[in-house]
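The values are calculated or read from the model by the stated rules, or taken from the named source; none is laboratory data. Remember, predicted model here, so these are calculated numbers, not experimental data. Methodologically, a virtual Cβ is constructed for each residue, glycine included, from the backbone with ideal geometry; neighbour enumeration extends over all protein chains shown.
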Amino acid sequence: MWFLALGLLGLALKYLEVGMVAGWSWWIVLSPFAMAVAWWAWADSSGYTKRRVIEREDRRKQDRIDRQKTNMGMKTGNGQRRK
């Protein structure tokens, strides 16, 4: 995501001819887009994206369980008890 934001910023600065970016080659300005494509290809092929989604879902599930146990006055997974 950072590569995409950097690419959009560089593209806007180059198009509007702002500062030193106006003198840069288009290859330099557009290179963050290529890096974003490479990152997404790697993240999808390595399973990184899927692992992050599973971790986030597991965290949400455990938080929900802990919240329900706390509301019932039971100990949560981290050993805390609400009074």
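Quick notes on this one:
- Scanning region 37-54 for residues that are more than 13 Å from the chain's Cα centre (by Cα) and in a helix (DSSP H, G or I) gives Val37, Ala38, Ala41, Trp42, Asp44, Ser45, Ser46, Ile54.
- Residue in region 73-82 that is modelled with pLDDT under 90, within 15 Å of the chain's Cα centre (by Cα) and surrounded by 12 or more Cβ atoms within 10 Å (Cβ to Cβ) present: no
- Test result for Ala34, more than 14 Å from the chain's Cα centre (by Cα) and either modelled with pLDDT under 90 or small (Gly, Ala, Ser) (or both): yes
- Among the residues of region 13-40, those that are small (Gly, Ala, Ser) and either over 18 Å from Phe3 (Cα atoms) or loosely packed, with under 12 Cβ neighbours inside 10 Å (or both) comprise Gly19, Ala22, Gly23, Ser25, Ala38.
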